[in-house]
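Engineer: First, the structure itself, so that you have it in front of you.
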């Protein structure tokens, strides 16, 4: 804020503001990076101000640095959204920003309005005349009237609101997601009366805060525009001041407007160290009254104000009497540009079980889900899962066994063999999997034990060299990245050898972690190997390492088959003579002629992509050195927990701060439109991915794009090509020798081409959600705006599932959000990749969840850890119905989801939480649902006790205890008597075949739960003895 206050006092700013109040003016700034600060200073007490910039690049530079303006006061009219070939049911961030800005202008709302010289020429839509839908708590209104109006405005009726312009109705609950709101609203009706309202989270579908009123306005019809009114006209009519801000020669058409020049100059760094010499600071500071330093502490200079944050330049402006001293880091993208509160967040995945899905029952094997069915008499009904096995036999699974059932998650595209009941095949398969897993566990434990032996030295490092590399990093480290670097440094400064796995999406900063590890090892006198599975990846790492480490005097070389025999021989000669500090390469590094005597640190990228022979060579080297493994494949949470104490892991899941959300558009296929999109990217010196998943007509697509751009290089790439030509094509794209790469989904993971920032996906409706996330993630890896265009054939009607997938992708645009989505195939790949091909086969046969359970048990057993007592599965039955009624919750998928949550609940508090969530989403519960919660609470309470099973009859509870449970008969009698006396209820003992049945005659359900809780506390498994 100090910078803005200083600028507001300057004569130049006051003169510009004074002139702008009389009419439009032009401000020419020789340094565009100052624009954001000047804009904020000028707004001051102005109600409405419009700033028109040269182009989108200048606009983004300005709006990315608006830290001191409230986000709801910023309105952006960037690229023309009217020319976008989007499908009507889909929207974009730009259209939301545009619509919000237009509405704010029409209403005369206070704020800053930003546009470009191009966007001000847009024709604008007329303001809508329909009255808004206003709903308040206590109102009496018919749901049907609300729905009719919403549908008239283009809202879509769905089961759940997952995106804007959707509504959902479930009994007395109505969810509405207004077009320009950050969160949807949940309205609860009692008949036609609105009894309560609350905002809820799209990801969890749970309420987050109360609301008393909602106002839903008719969306602007962006395609229907007034032909006689431009955006400039509306701005001119509505704002108090209007400024053209340029940083180049003033256009002729603006020559008649008052012109103000704001001169400034950049001051270069000292030796690229991102610092200024004390002498320079001292001399320059004398020229101006305000000196502000970002991220640096200049205690010796009393006239310097230190500012939190980042700025990548040093700028002196005598016109504004200011010097800004940067810290070499790009400014973090301002949260303010999330116009209208559009919040990018991670998607909350739920593996919904649908009719026909394959399920894994821990005891019976793989069968097909055939829905839910009511089982029992009229008085004791409950819903069971029906699973059909090979040969037609079925198993009905009650709620208290739901935790033994999981959706089958296997390796992409593979269909497993169903189990035949009674054949013994399932038990045999589980035994085979266990034996296979034990091999993996033995290797992990053995490797862990080897790593416990002292290394004999620690990596002390050269502080000056390390700092030089750290200062040369042009970005702010993310929180996860900082933690991973700290983890690695702690490992290397320990006396025990390191074996750490760092995992995170491509482009999230794993390589920088490796580079920091490398400089610590090299400055400690050790050699580093950086091993990658392909020549393309090794070439990529080599370029990065040279750029980052050469300034610190590190000698980096590349050893791969792209080097001819003479070059390889020369490199090895230099390596053996000690001239090379870091050797980057493919499996060529594993050859016998590459000696590892001086090797200290081995960095391995994507180890799973190496062949069996090379993996063995890596393992042999690993045993003697420190190891840092990098992978872009997520590891399942259950596996992470199992690996604690066996293998150290660091997770990087936050994207770099300079990233921008990928602008995503869903469009109808049109070659003219595609040409425009490709031309835009190529005109700014970028490259384009064109994903076309049909190999048979890929040559046509390559020829078509080549004919549209005859001066550009267009190449095709797919998995059936010979490895040589394929590698050459992909490497050509990486090295900017190919402009447009037409390819199949082989680019789903791998290349990090920062210059490629437009991706076109043809027939997008045929891809899965996690696949679309992964493919889209190929772009947006630098600080340049990236675009993803999802094309649908002209006449194809989207099926509900495809619509839902594309809607979800449209809403979650932030890079990295796919990391949480991808469990269906990425996590299984992650588990398989960690342990090899054979383990992938075992997972294919038993599914991911059961495989992880078997692995966790084997790890605990082999490592000799004391496993805490496991809570037992308690069977709880009752003489009354306990289920979720179909009238209350019509969709079987929703009911199954809640049954699963209740089955997995471990505590009474979790059951209460599920109950709150259910009432929030579906309204007040009936008697059968309340009975269901009662049974689940009793099960949770007794699961840690000596109880074997429980039966609830009316308000009486029968608890069965086996004779050999570890509790003496006297302790049982005295304890039960004490509980009954305290609760003022009667009790009795009954004999059973194997022990006793304790019967408490309770008065209410509340008493029943309290009694059970006291019993469990007194006779817990831990307390027995």
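Engineer: Among bridges DSSP assigns within the chain, what percent are antiparallel (round to 5)?
Structural biologist: Details: 68 of 156 bridges.
Percentage antiparallel, nearest 5: 45.
Engineer: Pull out the extension gain between residue 425 and residue 134, defined as 0.36 nm times the separation in residues minus the alpha carbon to alpha carbon distance; nm, one decimal.
Structural biologist: Value of the extension gain: 98.6 nm.
Engineer: Taking the beta-carbon count within 10 Å as an exposure proxy, list 523, 550 from fewest neighbours to most.
Structural biologist: 550, 523
Engineer: Here's another thing I want to ask about it. Between residue 209 and residue 886, take the C-beta separation as r, use R0 = 30 Å, and let me know the FRET efficiency to the nearest 0.05. Write down the numbers at each step before the final one.
Structural biologist: Details: r = 31 Å, r/R0 = 1.04.
Here the calculated transfer efficiency is 0.45.
Engineer: What distance in nm separates the two pseudo spin-label positions at residue 857 and residue 706, each 7 Å out from Cα along the beta-carbon direction?
Structural biologist: 5.9 nm
Engineer: When a/c reaches 1.5 or more, the comparison of a/b and b/c decides; with that in mind, is the range 443-519 rounded, prolate or oblate per its Cα gyration tensor?
Structural biologist: oblate
Engineer: Same structure again: Quick one: Debye curve from the alpha-carbon atoms of the range 447-652 only, equal weights, vacuum; give me log10 I(q)/I(0) at q = 0.12 Å⁻¹ to two decimals.
Structural biologist: Debye intensities relative to I(0), on a log10 scale: -0.57.
Engineer: Which percent of Cα pairs goes in each bin when the distances of the range 663-814 are cut into 5 angstrom slices starting at zero?
Structural biologist: Distribution as computed: 2, 9, 20, 24, 22, 14, 7, 2, 0 percent.
Engineer: If I stretch the segment between residue 909 and residue 15 completely, what's the gain in nm (0.36 nm per residue apart, minus their alpha carbon distance), one decimal?
Structural biologist: Result: 315.4 nm gained on full extension.
Engineer: Just need the Rg to Rh number for the range 133-216, please, alpha carbons only, Kirkwood Rh.
Structural biologist: 0.91
Engineer: Here is a further query. Rounded, prolate or oblate, given the Cα gyration tensor of the chain, with a/c below 1.5 counting as rounded?
Structural biologist: oblate
Engineer: Report the label-to-label distance for residue 684 and residue 1003 in nanometres (one decimal), using points 7 Å from each Cα along the Cα→Cβ vector.
Structural biologist: 7.4 nm
Engineer: Could you tell me the extents of the range 900-1018's C-alpha atoms along the three principal axes, largest first, rounded to whole Å?
Structural biologist: Largest to smallest, the principal-axis extents are 48, 27, 22 Å.
Engineer: Still on this model: Give the angle, between 0 and 90 degrees and rounded to the nearest 10, that separates the Cα long axis of helix 892-904 from the longest principal axis of the Cα atoms of the chain.
Structural biologist: Taking the Cα atoms of the chain, the angle to 892-904 is about 70 degrees.
Engineer: If you don't mind, another one. Based on the alpha-carbon gyration tensor of the range 973-1021 and its eigenvalue square roots a ≥ b ≥ c, which shape applies: rounded if a/c is under 1.5, prolate if not and a/b is larger than b/c, or oblate?
Structural biologist: prolate
Engineer: Using the beta-carbon distance between residue 483 and residue 439 and R0 = 30 Å, what value does 1/(1 + (r/R0)^6) give for FRET efficiency, to the nearest 0.05?
Structural biologist: 0.40
Engineer: Let me ask something additional. Could you give me D for the range 955-998, from Stokes-Einstein at 10 °C and 1.306 mPa s, where the hydrodynamic radius is the Kirkwood radius over C-alpha pairs? Units µm² s⁻¹, please.
Structural biologist: 144 µm²/s
Engineer: Let me have the 222 nm mean residue ellipticity of the chain computed from DSSP H runs of 4+ only, each contributing -39500 (n - 2.57), with the sum over all residues rounded to the nearest 500.
Structural biologist: Mean residue ellipticity, 222 nm, calculated: -10500 deg cm²/dmol.
Engineer: Quick check: the angle from helix 826-835's long axis to the longest principal axis of the chain, C-alpha only, nearest 10 degrees?
Structural biologist: 80 degrees
Engineer: Any chance you could run the full-extension gain for residue 156 through residue 591? It's 0.36 nm times the residue separation minus the Cα-Cα distance, nm to one decimal.
Structural biologist: This chain segment gains 150.5 nm when fully extended.
Engineer: Rank by packing, highest mean first: peptides 906-912, 686-692, with packing defined as the count of other Cβ atoms within 10 Å averaged across residues.
Structural biologist: Numbers: 906-912: 15.6, 686-692: 24.7.
In descending order of packing, they fall as 686-692, 906-912.
Engineer: Arrange the peptides 662-673, 583-594, 454-465, 28-39 so that the one whose residues have, on average, the most other Cβ atoms within 10 Å appears first.
Structural biologist: Going from most to least packed, we get 28-39, 583-594, 662-673, 454-465.
Engineer: Just rank 438, 606, 616, fewest to most, by other beta-carbon atoms within 10 angstrom. Write out the running numbers ahead of the final one.
Structural biologist: Details: 438 16, 606 20, 616 11.
Least crowded to most crowded, the residues run 616, 438, 606.
Engineer: So what's the angle, to the nearest 10 degrees on a 0 to 90 scale, between helix 1005-1018 and the longest Cα principal axis of the chain?
Structural biologist: Roughly 90 degrees between the two axes.
Engineer: Along Cα→Cβ, 7 Å out, is where each label goes; now give me the distance between the ones at residue 390 and residue 8 in nm to one decimal.
Structural biologist: Computed distance between label sites residue 390 and residue 8 equals 7.7 nm.
Engineer: Determine, for 993, 919, the number of other Cβ atoms within 10 Å of each Cβ, and report the residues in order from fewest to most.
Structural biologist: Taking fewest neighbouring Cβ atoms as first place, the list is 993, 919.
Engineer: Can you give the FRET efficiency to the nearest 0.05 for residue 404 and residue 256, using r as the Cβ-Cβ distance and R₀ = 56 Å? Before the final figure, lay out the partial values.
Structural biologist: Details: r = 80 Å, r/R0 = 1.43.
Once the sixth-power term is evaluated, E becomes 0.10.
Engineer: Please express the Cα-Cα pair-distance distribution P(r) of the range 896-960 as a list of whole percents, one per 5 Å bin, running from 0 to the bin with the greatest distance.
Structural biologist: Result returned by the calculation: 3, 16, 27, 24, 17, 9, 3, 0.
Bear in mind these aren't lab numbers, they're just calculated from the coordinates by the rules spelled out. As the structure is a computational prediction, the values presented were derived from the model and not from experiment. Cβ atoms come from the backbone with ideal geometry, glycine included; neighbour counts cover every protein chain shown.
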